[in-house]
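All remarks here apply to the structure that follows.
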Amino acid sequence: MIRVLLADDEAMIRAGVRAILSADPGVEVVAEAADGRAAVELALAHRPDVALLDIRMPRLDGLSAAAELRRAVPAVAVVMLTTFGEDEYIERALADGAAGFLLKSGDPHELIAGVRAVADGAAYLSPRVAQRLISEFGGGRLTRRAAARRRIAVLSPRETEVLALVGAGMSNAEIAARLHVVEGTVKAYVSAVLARLDVRNRVQAAIIAYEAGMVHEPGDPP
């Protein structure tokens, strides 16, 4: 069972998100908050697996709440849920350690997929958000690729392989099955990769993998 904390200052939005999540028998909403401060307090009390946070909330906004959760309850995977798709929100959310970013205007299936992905240790971006980031990478791609390849040069062959699979959006369990190792070994490799690349989370590592040419989008040259 995936235990979820839901924080949004609009009661109707919370009810809608809860209804969508309730359609999955493997997901349970264990607490709801109407502001970011309450979200942090409830996360400390309930220790959920996933925290779904709205961007704009009173007392403490979702981005600041995400940063506090990263420090106070690092085991909680944070997913930002918002109607705002501006780049500065995406960049700050990822910098604050968010494992996912979903738009409220997205398909309801994205919500469940995102919650399941981050609970399993993977990262998840709404397709619209991912497309925006990919489009941003289009400018100066060769320069970015050279810089990214210099960064990954410090990795061992196995760590490089793990980074490529993280970039492909695989969870720890999926990577373990692909490499024929136990999940604990994968977690150790992922931690080592994050430390060597000096990044906070899997999303940032996946971006480096993309920039280095380790992950290809449809239509990209090999």
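Just so you know, all these numbers are worked out from the coordinates, no wet-lab data involved. What you see is a predicted model; the values in this text were computed from it and never measured. All Cβ positions, glycine included, derive from the backbone under ideal geometry; neighbour counts span all protein chains shown.
Listed values, structure above:
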quantity	calculated
Kirkwood-type radius of segment 2-134, with distances r between different C-alpha atoms, in Å	14.1
Net +/- balance of residues flanking residue 175 in space, Cβ distance below 15 Å, scoring K and R +1, D and E -1	-1
Built amide H within the under 5 Å cut-off of residue 77, gap 5+	50, 51
Contact order normalised by residue count of the chain, Cα under 8 Å, 6+ apart, percent	15
GNM top mover of 20, 207, 55 - the chain, alpha-carbon springs below 10 Å	20
Alpha carbon centroid spacing (whole Å) that separates segment 180-197 from segment 29-106	25
Principal-axis tilt of helix 202-211 within the chain, Cα atoms, nearest 10 degrees	40
Choice from 116, 47, 71 with maximal GNM fluctuation in the chain (Cα, 10 Å cutoff)	71
Cα pair distances in the chain, grouped into 10 Å bins until the bin that holds the longest one, percent each	8, 34, 35, 19, 4
Ranked list, fewest to most other Cβ atoms within 10 Å of each Cβ, for 24, 96	24, 96
Note, ³J(HN,Hα) from phi for segment 91-106, Karplus 6.51, -1.76, 1.60, rounded to Hz, x at Gly and Pro	4, 5, 4, 5, 5, 7, x, 5, 8, x, 9, 10, 9, 5, 7, x
Max mean-square fluctuation residue, GNM over the chain, Cα-Cα springs under 10 Å, options 72, 205, 122	72
Net charge over other residues, Cβ less than 15 angstrom from the Cβ of residue 5 (K, R count +1; D, E count -1)	-3
Fewest-first ranking of 52, 102, using other Cβ atoms within 10 Å as the exposure measure	102, 52
Fewest-first sequence of 5, 179 by Cβ atoms within 10 Å of each Cβ	179, 5
